[in-house]
1. Hand me the list of strands (runs of 3 or more DSSP E) wholly inside the range 1-70 holding 2 or more residues that are of a type outside the set (A, V, I, L, M, F, W, C), within 19 Å of the chain's Cα centre (by Cα) and closer than 15 Å to Tyr91 by Cα.
2. Testing Glu171 on (1) free of Cβ contacts under 8 Å to residues at least 24 places away in the same chain; (2) open to solvent by less than 10 Å² (accessible area, probe 1.4 Å); (3) of a type outside the set (A, V, I, L, M), one condition comes back false. Which one is that?
3. From the set of residues in the range 1-23 that are open to solvent by 10 Å² or more (accessible area, probe 1.4 Å) and among the aliphatic types (A, V, I, L, M), which is farthest from Val57 (Cα to Cα)?
4. For the range 197-217, which residues satisfy the criterion of being surrounded by 10 or more Cβ atoms within 10 Å (Cβ to Cβ) and either closer than 24 Å to Val46 by Cα or modelled with pLDDT of 60 or more (or both)?
5. Would you check which residues across the range 79-104 are on the phi < 0 side of the Ramachandran plot and open to solvent by 20 Å² or more (accessible area, probe 1.4 Å) and list them?
6. Does the range 65-77 contain any residue that is open to solvent by less than 50 Å² (accessible area, probe 1.4 Å), hydroxyl-bearing (Ser, Thr, Tyr) and closer than 26 Å to Val111 by Cα?
7. So if I check each of Val13, Val46, which one is of a type in the set (Val, Ile, Thr), modelled with pLDDT of 95 or more and farther than 13 Å from Gly75 by Cβ?
Amino acid sequence: MLLLALDTATPAVSVALHDGTRTLAESHRVDARRHGELLLPAVDRVLAEAGVKLESVSGFVVGTGPGPYTGLRVGMVTAAAFGAATGAPVYGVCSLDGMAYASGLPGPFTVVTDARRKEVYWARYSGPATRVAGPAVDRPAEIADQVADGPAVGPGAALYPEVFTEIRGPEQQSAAALAALAAQRLRAGEDLSDTRPLYLRRPDAKVPANYKVVTPR
């Protein structure tokens, strides 16, 4: 098993190569505005460090979100293109699940990322590999009662300390954790073929409702 994992659902551009047992190489950079510029060079660095060619990868793991439309689609489209080019399968894993797995917390706890518009993407976990609620998108105050009985992890928690009062690591996504979780689930016989992105809401960009009429003079 040789899994190349990528995630662009958060401001982090994270890439890792995993052999099913350990991480062979990884790259991580936080830059919310440059996912498209940073992802492919990160893939090249990771493969070069491990001495592996793209054609040797046996599967691609992609974080399916939830996340903002513009960033999330960069990773989703890239993974789909790699799968189409090499014939290797593409596996989808909820990005919040990757952060939960990296935390190692026994639960209950909440994973939180920034959804902008004064909202957060969130999910509840009873353990590092067991999601029990979500993912969903809400204003933090609306879920305060649901997340009060445990710590919170993820880059969205620190934005709302009045709701998420106990914050633990990790602060950012880890493609290495995403790959390790995918490897565990594949060994257990789980179906990871669903790679539909978890946008949870419509994109910010909209087609204008009315076009300006231009008449010749």
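The values are calculated or read from the model by the stated rules, or taken from the named source; none is laboratory data. These numbers come from a predicted model, not from an experiment. Because the Cβ atoms are built from the backbone with ideal geometry, glycine has one as well, and the counts that use them run over all protein chains shown. The area values use the complete protein model at the heavy-atom level, side chains included, leaving out ligands, DNA and RNA. Shrake-Rupley method; radii C 1.70, N 1.55, O 1.52, S 1.80 Å.
1. Numbers: elements: 3-7, 12-18, 23-30, 59-63.
Correct list: 59-63.
2. All conditions are met except number (2).
3. Checked the range 1-23; the qualifying residue farthest from Val57 (Cα to Cα) is Met1.
4. At the first step, the residues of the range 197-217 found to be surrounded by 10 or more Cβ atoms within 10 Å (Cβ to Cβ) are 197-201, 203-204.
Within the range 197-217, Pro197, Leu198, Tyr199, Leu200, Arg201 qualify.
5. Applying the first criterion (on the phi < 0 side of the Ramachandran plot) to the range 79-104 yields 79-86, 88-103.
Once the filter is applied, which keeps residues that are on the phi < 0 side of the Ramachandran plot and open to solvent by 20 Å² or more (accessible area, probe 1.4 Å), the range 79-104 yields Ala80, Ala81, Phe82, Ala84, Ala85, Thr86, Pro89, Val90, Tyr91, Tyr101, Ala102, Ser103.
6. Going through the range 65-77, the residues open to solvent by less than 50 Å² (accessible area, probe 1.4 Å) turn out to be 65-68, 71-72, 74-76.
So of that shortlist, the ones also hydroxyl-bearing (Ser, Thr, Tyr) come out as none.
Within the range 65-77, none of the residues are open to solvent by less than 50 Å² (accessible area, probe 1.4 Å), hydroxyl-bearing (Ser, Thr, Tyr) and closer than 26 Å to Val111 by Cα.
7. Working: Val13 fails: farther than 13 Å from Gly75 by Cβ.
The unique qualifying residue is Val46.
Results for (1) over 30 Å from Val132 (Cβ atoms); (2) at pLDDT below 95; (3) out of contact with any helix residue (DSSP H, G or I) (no Cβ under 6 Å at 6 or more places or on another chain), shown as yes or no for each residue.
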residue	(1), (2), (3)
Leu6	no, no, no
Ala9	no, no, no
Phe60	no, no, no
Thr86	yes, no, no
Gly92	no, no, yes
Gly98	no, no, no
Gly104	no, no, yes
Arg116	no, yes, yes
